[in-house]
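The values are calculated or read from the model by the stated rules, or taken from the named source; none is laboratory data. Note that the coordinates shown come from a computational prediction; the quantities given were computed from them, not determined experimentally. Here the Cβ is made from the backbone with ideal geometry for all residues, glycine too, and neighbour counts use every protein chain on show. For the accessible areas, the whole protein counts, side chains as well, though only heavy atoms, and no ligand, DNA or RNA atoms are used. Shrake-Rupley method; radii C 1.70, N 1.55, O 1.52, S 1.80 Å.
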Amino acid sequence: MWKGSLPLLLLAAAVAAAAEPASTLEGPSRPVTVPLREDRGHAVDLPDTDPRVQRRVTGWAPEQIAVALSAAPTSAWVSWITGDFQMGGAVKPLDPGTVGSVVRYGLAADSLAREATGEALVYSQLYPFEGLQNYTSGIIHHVRILGLEPGTKYYYQCGDPAIPGAMSAVHAFRTMPDVGPRSYPGRIAVVGDLGLTYNTTSTVEHRYMEPVTSSTPMMVVEGNHEIEQQIGNKTFAAYSARFAFPSMESESFSPFYYSFDAGGIHFIMLAAYADYSKSGEQYRWLEKDLAKVDRSVTPWLVAGWHAPWYSTYKAHYREAECMRVAMEELLYSYGLDIVFTGHVHAYERSNRVFNYTLDPCGAVHISVGDGGNREKMATTHADDPGRCPEPLSTPDDFMGGFCAFNFTSGPAAGSFCWDRQPDYSAYRESSFGHGILEVKNETYALWKWHRNQDLYQGAVGDEIYIVREPERCLLKSSIAAYF
């Protein structure tokens with residue numbers, strides 16, 4: 001996570017100390033592009049017969065157990081699934097009332113004296129299109145636990161104690177540290193575009209899934225693969241049903257955008273595939289949420305959404321321009337520090353940027369990808385300058401309308417694409433993997449990018465200290481940033 005000072009790390013049997021990571025205090029770094037490599041992994045879907053995608057329990061035993069954060073560290077969500085899904089031409093949904101939604105928890109594994117109950121639901125995917133099979137899920141349970149102590153380890157079981165064999169094994173999770181400028185989570189892992197390919201299993205083998213999601217809170221935001229348009233133009237059915245969100249607690253009342261605190265970090269999750277116009281509900285909620293942030297209590301402001309604003313790869317190039325045009329100025333005025341995105345299935349980190357211009361008060365944008373589908377190697381316009389796409393003239397039902405025009409200033413003036421890596425792009429590499437954010441204190445955060453191909457080498461692909469400079473940047477927050 002983050003810390004205020006950086007000791008030099010000595011490698012065993014090394015002659016010299018490892019180089020200290022670069023820092024944003026040094027100003028914009030020169031753009032770096034790592035040459036294309038063909039060893040990014042195996043982007044082919046796992047077969048249905050692979051044991052890693054098989055159901056591992058029987059009867060009403062819980063599976064796919066996951067913990068999610070609430071808006072504050074005094075509560076948390078536990079989710080799980082019971083029963084089997086159905087797929088075919090005629091599917092009959094299970095009755096959610098068949099199995100109870102109960103979590104028993106306490107401060108010791110042999111003393112689960114407290115109990116919380118929640119709700120259960122099922123969802124269906126119904127397709128009127130030839131060649132697609134209908135689907136209905138198992139029973140999905142969500143239970144919110146209240147009255148927890150920050151920074152405390154809790155043990156729990158979930159399921160239905162009234163049915164034999166319907167309770168899980170004992171798991172444990174630790175609540176987030178108390179909200180404040182000097183307490184931070186240990187580490188924050190960032191992944192994008194998880195799927196069911198061999199690349200995904202490589203990423204997952206670093207940390208995941210149920211052995212980690214049942215003990216480490218996981219927060220998600222929707223992407224294009226969650227749209228899943230079905231009969232009646234219904235969308236995002238699986239996404240909305242399978243995950244728990246602090247929507248009510250953060251007063252967004254939407255699974256697509258919400259916020260929460262983790263120690264001295266205020267996280268904002270935004271929707272790239274819902275209305276983000278200045279007249280829409282998401283924008284109005286964002287204004288209210290930002291206005292409530294006290295930077296003397298939560299110095300760090302971090303946001304996440306799916307489609308990047310500052311990707312320089314050809315895939316999905318400037319696809320989210322309408323969202324950037326609508327929201328960037330508002331986020332900039334409140335001193336947004338870091339943005340995490342996915343979508344491109346490649347890695348890229350920006351210098352501090354605002355409106356395509358280097359800006360010491362702009363946010364650092366980081367796009368990650370794990371290779372969760374079979375997209376081809378991500379390439380840039382400099383790799384194939386003759387294939388610059390035309391400006392996006394066809395409105396997209398989910399991404400907005402026509403917003404991406406030719407640049408009017410700078411080295412790319414008069415063009416839609418750059419013929420070289422832009423100054424705002426600090427580091428890009430067509431690799432799959434995951435990132436780790438370590439927040440050290442109210443000023444320093446260490447970011448590391450780990451590539452899948454380095455799984456057994458312990459190497460770091462990209463590494464930098466992101467440093468806040470609140471005394472340098474004018475913040476719109478009602479209370480000045482802590483420093």
| remark: Scanning region 125-147 residue by residue, those more than 19 Å from Leu94 (Cβ to Cβ), touching a residue at least 40 places away in the same chain (Cβ under 8 Å) and either open to solvent by 10 Å² or more (accessible area, probe 1.4 Å) or part of a loop (DSSP other than H, G, I, E, B) (or both) turn out to be Tyr127, Pro128, Arg144, Leu146, Gly147
| request: State which residue is least open to solvent (accessible area, probe 1.4 Å) when the search covers only region 219-244 and only residues that are polar (S, T, N, Q) and more than 19 Å from the chain's Cα centre (by Cα). | output: Gln230
| request: Considering only residues that are among the basic types (Lys, Arg) and in a loop (DSSP other than H, G, I, E, B), look in region 151-191 and name the one that is farthest from the chain's Cα centre (by Cα). | output: Arg182
| request: Answer yes if at least one residue in region 72-89 is out of contact with any strand residue (DSSP E or B) (no Cβ under 7 Å at 6 or more places or on another chain), modelled with pLDDT under 95, open to solvent by 70 Å² or more (accessible area, probe 1.4 Å) and among the acidic types (Asp, Glu), and no otherwise. | output: yes
| query | If you check Ala382 against the conditions, is it modelled with pLDDT under 85, touching a strand residue (DSSP E or B) at 6+ places or on another chain (Cβ under 7 Å) and in a loop (DSSP other than H, G, I, E, B)? | reply | no
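Can we say Gly410 is in a loop (DSSP other than H, G, I, E, B), at pLDDT below 85, farther than 15 Å from Trp309 by Cα and open to solvent by less than 10 Å² (accessible area, probe 1.4 Å)?
Judged against the criteria, Gly410 is not a match.
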| In region 409-444, what count of residues is obtained for those that are farther than 18 Å from Glu348 by Cβ and in contact with a strand residue (DSSP E or B) (Cβ under 9 Å, 6 or more places away or on another chain)? | 8
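Checking the condition modelled with pLDDT under 90 and among the β-branched types (Val, Ile, Thr), which residue from Val439, Val460 passes?
Checking each option against the conditions leaves just Val460.
Can you tell me how many residues in region 245-265 are out of contact with any Pro (no Cβ under 9 Å at 6 or more places or on another chain) and either polar (S, T, N, Q) or buried (at least 17 other Cβ atoms within 10 Å of the Cβ) (or both)?
Residues in region 245-265 being out of contact with any Pro (no Cβ under 9 Å at 6 or more places or on another chain) and either polar (S, T, N, Q) or buried (at least 17 other Cβ atoms within 10 Å of the Cβ) (or both): 7 in total.
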| task | Kindly indicate which of Asp419, Asp397 is at pLDDT below 85, open to solvent by 30 Å² or more (accessible area, probe 1.4 Å) and touching a helix residue (DSSP H, G or I) at 6+ places or on another chain (Cβ under 8 Å). | result | Asp419
| task | Please name all residue pairs, on different chains or six or more residues apart, with Cβ atoms under 7 Å, provided the first residue is in region 236-255 and is acidic (Asp, Glu) and the second residue is open to solvent by less than 30 Å² (accessible area, probe 1.4 Å). | result | Glu249/Ser70; Glu249/Ala71
| task | Just name the residue that is nearest to Pro73 (Cα to Cα) out of those in region 148-159 that are open to solvent by less than 50 Å² (accessible area, probe 1.4 Å) and out of contact with any strand residue (DSSP E or B) (no Cβ under 6 Å at 6 or more places or on another chain). | result | Pro150
| Out of Val103, Val122, which single residue is open to solvent by 30 Å² or more (accessible area, probe 1.4 Å) and either without any contact (Cβ under 8 Å) to a residue 60 or more places away in the chain or under 21 Å from Gly232 (Cα atoms) (or both)? | Val122
